[in-house]
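Down below is the structure, laid out as structure tokens.
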Amino acid sequence: MASVSELIGQSVWDVDGIWVGHVVDIRVIRHRGELQRSQTVYGLVVSANRGPIMLGLTRERPGRRGWLSRLVARMVYAGCTFVPWSAVDDYGEGEVRLSAGRKELTRA
């Protein structure tokens, strides 16, 4: 498994070789109740616009952002696509290859 820092910014290509965008965020599931808290990657947030990487708007806890920050996040992330981890076929060397087509993916 690649680290988060290795996945952020990689180009994402679907099964047909169509460019989907760049990885701008990673969604994880936290496992509690274990001695050491672990996390499992749930999916990737992909955008054709690299702006969301710079803003870091998704890193704050829900309910703790102000209305202006929520409004800006909604505008910046409007075109983002969610890629479930099960759709990732291969990753590495700056690219993520999917086993699904671009039209099968949902909005983030």
Name the single residue that is nearest to residue 108 (Cα to Cα) among those in region 10-29 being in a loop (DSSP other than H, G, I, E, B) and not polar (S, T, N, Q). 14
Selection status of residue 77, closer than 19 Å to residue 6 by Cα and within 14 Å of the chain's Cα centre (by Cα): no
Got a number for residues in region 86-107 being within 15 Å of the chain's Cα centre (by Cα) and at positive phi? 1
Counting only residues in region 30-66 that are basic (Lys, Arg) and not in a loop (DSSP other than H, G, I, E, B), the one modelled with the highest pLDDT is identified as 30
Can you tell me which residue among 86, 69, 5 is modelled with pLDDT of 85 or more, not β-branched (Val, Ile, Thr) and not in a strand (DSSP E or B)? 86
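The values are calculated or read from the model by the stated rules, or taken from the named source; none is laboratory data. Remember, it's a predicted structure, so these values are computed and weren't measured experimentally.
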